[in-house]
1. Enumerate the whole-percent occupancy of each 10 Å bin, from 0 to the last occupied one, for all C-alpha pair distances of the chain.
2. Apply the Karplus curve 6.51 cos²θ - 1.76 cosθ + 1.60, θ = phi - 60°, to the phi angles in the stretch 215-222 and return the couplings in whole Hz, x for Gly and Pro.
3. Return the ratio Rg/(2.2 N^0.38 Å) for the stretch 149-229, where Rg is computed over Cα atoms only.
4. How would you rank Tyr135, Tyr141, going from fewest to most other Cβ atoms within 10 Å of each one's own Cβ?
5. For Thr95, which sequence-distant residues (separation of 5 or more, or a different chain) have an amide H within less than 5 Å of its own amide H, given hydrogens modelled in the peptide plane?
6. With each run of n ≥ 4 DSSP H residues scored as -39500 (n - 2.57), what mean residue ellipticity at 222 nm is computed for the chain after dividing by its residue count and rounding to the nearest 500 deg cm²/dmol?
7. I need to check one value: relative contact order of the chain, counting alpha carbon pairs closer than 8 Å and at least 6 residues apart, in percent.
8. Taking the Cα atoms only, what angle lies between the long axis of helix 31-41 and the longest principal axis of the chain, rounded to 10 degrees?
Amino acid sequence: MIKIISTVAGKVQQLDSVVPGAWVHLGDPTREEMSTVSKQLGIEESFLRDPLDEEEPSRIDYEDGINVIIVDIPHMIPTGDGFEYETIPLGIFLTEKNVITVCLEEDTLVEDFWTGRVKNIDPSKKTRFLLQILYHNASRYLRYLRMIDKASDRLESVLHKSMRNRELIQMMRLNKALVYFSTSLKANEVILEKILRSHNIIKYEEDSDLLEDVIIENKQAIEMAGIYMEILSGTTDAFASLVSNNLNISMKFLAAMTILMAIPSIFSGIWGMNFVNMPFTRHPLGFFIIVGAALLTTAVVAYIFWKKKMF
């Protein structure tokens with residue numbers, strides 16, 4: 001998909017063709033769309049393809065008069081039992097006249113700019129627009145981190161009542177998402193520090209102030225991801241220990257019940273042997289005596305187990 005966005009008289013408008021100062025966004029683009037943008041804007045197609053690799057690392061380059069910035073953005077995927085969180089690359093290219101963004105998924109991060117959720121944007125001010133994207137990206141990380149924290153709280157309340165593999169697997173998914181977020185945020189922090197030192201991008205004092213805000217927001221997201229990761233990891237380990245402890249309790253109870261049920265079997269086995277002179281075999285109340293002895297022995301052993309908290 002190709003979106004061409006420009007700001008006219010303070011209003012965001014979608015255009016049919018590329019003009020100087022416009023923002024060109026490629027979301028999950030086809031080869032034809034990549035080739036068209038490459039020819040119209042004079043940028044190598046290989047540059048545009050780099051962000052389409054899921055494993056492309058965050059980086060900043062200056063090649064052929066084009067600033068290339070690739071950062072990781074958070075991405076949420078709906079599933080049958082909630083959401084999965086991951087990070088994907090977003091490529092931002094600053095040419096002499098235009099801003100180009102490339103992403104391998106249709107993500108709401110960039111959609112927020114042309115739908116009006118992000119105010120006061122002007123793609124013709126390329127550096128300011130770049131920093132607005134980075135600031136919105138850091139804020140998005142914070143919002144998703146809060147969602148992950150709330151999801152972990154809900155899972156914890158469910159696990160208090162019933163410990164099932166489904167909830168534990170969801171906890172591990174959230175923990176994996178936090179690892180992705182923490183790694184990507186730290187990589188983005190390196191990019192922001194390089195932008196701060198770059199003279200090709202930051203040219204005005206106002207832009208430096210906005211960049212500092214972006215760096216602060218990103219650092220806050222890093223700290224939150226670290227805190228949530230430690231909490232979730234500790235919670236997961238605690239519930240894994242509880243599951244193991246519950247299993248041990250169940251096995252202990254079953255072992256005690258097995259022993260108790262074996263006692264009457266022992267009595268019946270002994271007096272079921274074909275010996276003539278077994279005690280109480282000729283006594284008129286012999287059957288009741290043997291049954292009573294078995295029950296009494298079982299009761300004594302059960303009392304001992306109860307005192308030892310076997311059940």
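1. That works out to 5, 21, 22, 14, 9, 7, 6, 6, 5, 4, 2, 0, in percent per bin.
2. Result, rounded to whole Hz: 4, 5, 4, 5, 4, 4, 5, 4.
3. Working: Rg = 18.1 Å, N = 81, 2.2 N^0.38 = 11.7 Å.
Computed over Cα atoms of the stretch 149-229, the ratio equals 1.55.
4. On the way: Tyr135 19, Tyr141 25.
By the 10 Å Cβ count, ascending: Tyr135, Tyr141.
5. Ile100
6. -20500 deg cm²/dmol, from helical runs alone.
7. Values: 387 pairs, mean separation 45.3, N = 311.
Relative contact order comes out at 15 percent.
8. Value to nearest ten degrees: 30.
Bear in mind that the values in this text are calculations on the coordinates, not laboratory data. From a predicted model like this one, the values you see are computed outputs, not experimental measurements. As a convention, Cβ positions derive from the backbone with ideal geometry for all residues, glycine included, and neighbour counts pool all protein chains shown.
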